[in-house]
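Some notes on the structure that comes next.
The values are calculated or read from the model by the stated rules, or taken from the named source; none is laboratory data. These numbers were taken from a predicted model, which means no experiment stands behind them. Surface accessibility is based on the protein's heavy atoms, side chains included, excluding ligands, DNA and RNA. Shrake-Rupley method; radii C 1.70, N 1.55, O 1.52, S 1.80 Å.
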Amino acid sequence: MSLLYPGNFGLIGREVGADLRDSTRRTFFEMIPSRFIRRWKETEGHLWLVNGSEIIFRHLDEPTGLKSLTLGFAYVDEITDCRQSVFDMLLSRLRL
């Protein structure tokens with residue numbers, strides 16, 4: 001989505017932060033060609049793509065900070081581990 005829609009803002013999440021870092025994020029960076037990456041700020045889990053799109057990586061065990069986001073997409077890895085209330089809140093933040 002972020003490559004198809006320049007300027008998109010998306011979220012990739014997983015229930016547990018360690019799993020997000022050790023599995024989800026690792027797999028993502030193995031799959032995306034480096035030529036699409038403009039900047040990566042690991043301490044914030046924030047990725048900027050060359051077309052102006054941004055992707056943030058967040059754990060979902062403390063979803064309070066996600067309530068103010070305006071998202072073009074939300075991807076939840078291991079969706080069966082995600083609480084229904086968190087999933088519903090992410091759906092409510094989708095605007096694209």
>> Could you sort Glu54, Glu15, Glu44 by their accessible area in this structure, using a 1.4 Å probe and putting the largest first?
In response: Glu44, Glu54, Glu15
> (i) 1.07; (ii) 0.97; (iii) 0.94: which one is Rg/Rh (Cα atoms, Kirkwood Rh) as calculated from this entry?
Replying inline: (iii)
> Which percent, to the nearest 5, of DSSP beta bridges fully inside the chain are antiparallel?
Replying inline: 40 percent
> Working out 0.36 nm times the residue gap between Tyr5 and Arg21, then minus their Cα-Cα distance, what length gain in nm do you get to one decimal?
Replying inline: 3.2 nm
> Okay, helix-only estimate at 222 nm for the chain: each DSSP H run of n ≥ 4 adds -39500 (n - 2.57), divide by all residues, round to 500 deg cm²/dmol; what do you get?
Replying inline: -4500 deg cm²/dmol
> Taking 0.36 nm per intervening residue step and subtracting the Cα-Cα distance, what contour gain separates Ser34 from Asp81 on full extension?
Replying inline: 13.9 nm
>> With every protein chain kept in place and ligands, DNA and RNA left out, what is the accessible area per residue of the chain? Probe 1.4 Å, answer in Å².
In response: 61 Å²
>> Tell me the accessible surface of Ile79 in square angstrom (1.4 angstrom probe, heavy atoms of protein chains only), to the nearest ten.
In response: 80 Å²
>> Pairs of alpha-carbon atoms within less than 8 angstrom and 6+ residues apart define the contacts here; what relative contact order does the chain have, in percent?
In response: 38 percent
>> For Val50, what accessible surface area do you get with a 1.4 Å probe? Give it in Å², rounded to 10.
In response: 90 Å²
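Percent of accessible area on the range 7-82 owned by carbon and sulfur, 1.4 Å probe? Let's see the in-between values first.
Values: 2100 of 4330 Å².
Heavy-atom surface of the range 7-82 belonging to carbon and sulfur, 1.4 Å probe: 49 percent.
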